[in-house]
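J.: My questions all concern the structure below.
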Amino acid sequence: MSKGEIGFVGLGRMGGPMARNLAKAGYELHVFDVDPAAARRAAAPGGVTVRARPREVAAHASVVFTALPNDEIVTATYLGPEGILAGGQRGLVTCDCSTVSPEVSQTIHDAARRRGVAHMDTPMLGSAPQAESGEIFFMVGGDRDALSAIEPLLDVMGGRTMYVGPSGTGNRIKLLHNALGAVNAVAVAESLALCVTLGVDPKTYYEVVKNGGGMAYSTYFDRRALRIVEGNFEATFTAELMLKDVALAARMAGASLAHMPILRETLAAYGETGTKGWGGQDFSAVTHVVEQRFGRTISGA
């Protein structure tokens, strides 16, 4: 694909760096965000035109990316009167990088197809550091024939792209993945809390788990255990967003949730992070819930 005009809607923690990487790679961008300051930051590299509404972005682009917070905003951004499909022309390809319900992806996909637009769900693995460095992993669901039109753009923003199946499959896998990650976060918090309760040095425990070659080791344990012990809950992915994803995964499970006590407990624990004011911290802040249950502080132990 030659360098052309690309749209980007949603310029927050993830979308902003992604859009800037496209601009730096030489693509002409048309962007929109409800926060004018975010739009100005995205326009800083040059070659970026800020538009007043999503439909104007779509009217000027051959491919549009979105990175938005939830089902309701994604639906309105695509299907509303000022939305992307209202302004997009036949042949447009849209890529939603948000984490939303598979049903939302499929509804937009069907509405887009009736207008001659190909809609792909392209959720991401990675957080703000990977968005900045261009190392996101994209899971692509939708019409495989449209993949060639977007792959060069995904390669600019990410380190790997994997086609995973028809519309909605990308978000199904993303929710499965994040739910498993959230379960791991609660399990690590409980293990560290018991470690401290038993009088074991948590840094010694960390070294054993990391270097011992056993099955308890995980990427989450490696990246978060020492941060938790040191009391560092600076967010790369917030507890509030993880709660949203776990809730979506539980809803996706439907009747099967009755057979998933670990997921139900994880949802309850993340629910407490919101009600007790920790939602803006890193998703490892679910540790605070476990600390309260144990009546013991892990952080700083």
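The values are calculated or read from the model by the stated rules, or taken from the named source; none is laboratory data. Remember, predicted model here, so these are calculated numbers, not experimental data. Counting neighbours? That spans all protein chains shown, and the Cβs are built from the backbone with ideal geometry, glycine included.
J.: Could you say which residue among Met252, Met260, Met215 is loosely packed, with under 15 Cβ neighbours inside 10 Å, in the same structural domain as Leu176 (by TED's automatic domain parsing) and either farther than 19 Å from Asn178 by Cβ or among the hydrophobic types (A, V, I, L, M, F, W, C) (or both)?
T.: Met215
J.: What is the number of the single condition among (1) farther than 24 Å from Ala182 by Cβ; (2) touching a residue at least 24 places away in the same chain (Cβ under 8 Å); (3) part of a loop (DSSP other than H, G, I, E, B); (4) of a type outside the set (D, E, K, R) that Leu68 does not meet?
T.: For Leu68, the failing item is (1).
Residues checked against (1) over 27 Å from Glu72 (Cβ atoms); (2) outside any loop (DSSP other than H, G, I, E, B); (3) in the same structural domain as Gly158 (by TED's automatic domain parsing):
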| site | (1), (2), (3) |
| --- | --- |
| Ala23 | yes, yes, yes |
| Gly26 | yes, no, yes |
| His30 | no, yes, yes |
| Ala38 | no, yes, yes |
| Gly46 | yes, no, yes |
| Ala52 | no, no, yes |
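J.: Residues in the stretch 107-124 that are touching an Asp or Glu at 6+ places or on another chain (Cβ under 9 Å) and either surrounded by 19 or more Cβ atoms within 10 Å (Cβ to Cβ) or not charged (D, E, K, R) (or both): how many?
T.: Qualifying residue count for the region: 8.
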